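Engineer: Encoded as structure tokens, here's the structure I'll be asking about.
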Amino acid sequence: MNYKETTEYLFTRTPVFEKVGATAYKPGLQTTHALDEHFGHPHQYFKTIHVAGTNGKGSCSHTIAAILQAQGYKVGLYTSPHLVDFRERIRINGECIPEQYVVDFVEEERSFFEPLHPSFFELTTALAFKYFKEQQVDYAVIEVGLGGRLDCTNIITPILSIITNISYDHTQLLGDTLEKIAFEKAGIIKEDVPVVIGTTTTETRPVFETIGKERKAPVIFSEESAFSNDTVATTAEGRHVLGTHTFGPIEMELRGIYQEENARTILCAISILLDKGIVGKEAILKGFANVCETTGLRGRWEKLNDKPLVICDTGHNVAGWKFLSQQIEKQPCTHRHIVFGMVDDKDVSSVLELLPKTDTTYYWTQASTKRAIPVEKLCKMAQEHDLAGNTYLSVKEAFEAAKREAKNTDFIFVGGSSYVVADLLA
């Protein structure tokens with residue numbers, strides 16, 4: 001098989017959450033342990049940092065990886081989902097895993113793993129860990145796929161755990177209360193391993209305190225850290241500058257206003273690495289300022305054009321849109337054009353309620369995934385929230401229509417789902 005045939009095999013022969021949703025989720029670690037043993041427990045050959053949470057996992061993971069790279073380490077980065085190419089999930093120092101390595105892995109190992117019937121994520125995790133071991137990375141930043149306790153990445157024992165925040169998402173799998181979701185995410189807390197908690201609620205904080213105490217793991221709440229009162233300014237180019245007491249001004253490449261909350265979590269985590277002598281101040285400043293260039297991160301309030309201004313963002317749930325809707329409404333422009341689609345297992349109605357209702361034209365669409373909410377259904381729901389717009393069967397059609405109608409002084413936003421952004425970038 002060539003690379004295209006190999007990825008098609010992975011997407012069709014193994015259950016893929018991004019394509020079919022909850023039916024692809026395999027709770028439990030039996031298959032993961034079998035794969036791990038077969039490959040010689042590769043995750044034990046490098047140090048890891050484990051990142052869980054409802055929102056912000058990708059931004060935190062990429063920024064921490066960028067800082068470690070700036071310090072001179074060889075850094076593996078395992079994240080999901082990908083936007084354009086499967087290989088985006090597995091990187092070393094910003095470079096995607098080679099196509100031939102993916103092809104060889106499947107060809108050489110399929111006789112072993114096919115009888116196990118692994119999920120797509122189980123197999124991809126095994127591939128990542130094997131690749132990181134063979135390439136002799138110093139550190140790997142590992143992003144949880146879904147949840148934490150039963151996620152197949154949870155076989156690692158990291159030097160640091162991070163849980164960014166907890167909100168309602170994947171409730172059919174993780175539980176229908178914040179306490180239940182927090183319990184699943186807190187499953188990554190390991191014995192004697194410090195854990196940084198980004199944002200808490202009255203429901204989630206006791207969960208982290210209890211599990212941290214049970215496992216003798218130091219729990220650091222970033223809301224109570226030295227970074228909780230840091231100021232944020234914005235440069236003429238739109239970059240955030242954190243006025244920290246610890247490191248002085250830190251210029252951030254990532255621009256969304258939700259990145260202010262992520263930055264506090266990252267700084268708490270990085271302070272632990274600083275105390276351990278793993279990173280220094282110069283690497284911290286360089287990492288924050290060059291995240292996308294260093295790691296290849298895309299889709300976080302990413303600017304694609306100036307006149308008209310075109311922004312895309314992968315925010316895909318209510319917690320994310322509480323920030324995105326504010327930023328969209330504050331954007332100076334003559335008129336807003338929003339290309340929007342979501343997947344059917346999200347709280348679509350609550351997100352629609354957050355969208356701007358004035359001076360805005362909507363282009364309702366659906367991404368090329370079976371999980372996408374049908375565009376006609378989305379349009380009908382939008383009308384119930386007093387949001388008007390036309391329907392388009394593809395993201396490309398919707399975006400082309402927005403570009404035709406937008407003036408140079410207008411603003412175009414594309415998002416609602418990672419898959420909408422993926423179709424746009426593809």
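Engineer: Solvent-accessible area per residue for the chain at a 1.4 Å probe radius, Å²?
Structural biologist: Per residue, the chain has an accessible area of 41 Å².
Engineer: Just to compare against my own numbers: the Cα pair-distance distribution for segment 1-133, 10 Å bins, whole % per bin, please.
Structural biologist: The calculated distribution, bin by bin, is 11, 42, 38, 9, 0.
Engineer: Net charge around Ala426, counting only other residues with Cβ within less than 13 Å of its Cβ (Lys, Arg = +1; Asp, Glu = -1)?
Structural biologist: -1
Engineer: Which residue, chosen from Ile338, His316, Ser350, occupies the Cα position most advanced towards the positive end of the dipole of segment 293-360, where the dipole is computed from +1 (Lys, Arg) and -1 (Asp, Glu) charges on Cβ about the Cα centre?
Structural biologist: The one lying farthest along the dipole's positive direction is Ile338.
Engineer: Need the full-extension length gain, His38 to Lys322, defined as separation in residues times 0.36 nm minus the C-alpha distance. One decimal, nm.
Structural biologist: 97.8 nm
Engineer: Where q = 0.13 Å⁻¹, what log10 of I(q)/I(0) comes from the Debye formula for segment 302-425, counting one point per Cα?
Structural biologist: -0.42
Engineer: If you keep only loop residues by DSSP, which GluC sites (Glu not before Pro) in segment 230-329 have at most 16 other Cβ atoms within 10 Å of their Cβ?
Structural biologist: Here the sparse-neighbourhood loop sites are Glu237.
Engineer: Distance between Cα centroids, segment 304-326 to segment 131-189: provide it in whole Å.
Structural biologist: 25
Engineer: What order do you get for 33-43, 65-75, 342-352 when each peptide is scored by the mean count of other beta carbon atoms within 10 Å, highest first?
Structural biologist: 65-75, 342-352, 33-43
Engineer: Considering only DSSP beta bridges where both residues belong to the chain, give the percentage that are antiparallel (nearest 5).
Structural biologist: 35
Engineer: Please give the calculated 222 nm ellipticity per residue for the chain, where each DSSP H segment of at least 4 residues contributes -39500 (n - 2.57) and the sum is spread over every residue; nearest 500 deg cm²/dmol?
Structural biologist: -11500 deg cm²/dmol
Engineer: Gain in length, Ala388 to Val241, computed as 0.36 nm per residue apart minus the alpha-carbon separation, to one decimal in nm?
Structural biologist: In short, 49.2 nm is gained.
Engineer: Further question: Could you bin all the Cα-Cα distances of segment 231-362 into 10 Å bins starting at 0 and give me the percent of pairs in each, rounded to whole numbers?
Structural biologist: P(r) for segment 231-362, in whole percents per bin: 10, 37, 31, 17, 5, 0.
Engineer: While we're on this one: Leaving out ligands, DNA and RNA, what percent of the accessible area of the chain is carbon and sulfur, probe 1.4 Å?
Structural biologist: Percent of accessible area from carbon and sulfur atoms in the chain: 48.
Engineer: About the Cα centre of the chain, how large is the charge dipole given +1 on each Lys and Arg Cβ and -1 on each Asp and Glu Cβ? Please answer in debye to the nearest 20.
Structural biologist: It works out to roughly 300 debye.
Engineer: Alpha carbons only, please: Rg and Dmax for the chain, in angstrom.
Structural biologist: Cα radius of gyration and Dmax of the chain are 21.0, 59 Å respectively.
Engineer: Moving on to the next point. If you count, for each residue, the other Cβ atoms within 10 Å and average over each peptide, how do 103-115, 86-98 line up from highest to lowest?
Structural biologist: 86-98, 103-115
The values are calculated or read from the model by the stated rules, or taken from the named source; none is laboratory data. These numbers were taken from a predicted model, which means no experiment stands behind them. Neighbour counts are summed over all protein chains in view; Cβ atoms, including those assigned to glycine, are modelled from backbone coordinates with ideal geometry. In case anyone asks, the SASA skips ligands and DNA or RNA and just uses the protein heavy atoms, side chains included. Shrake-Rupley method; radii C 1.70, N 1.55, O 1.52, S 1.80 Å.
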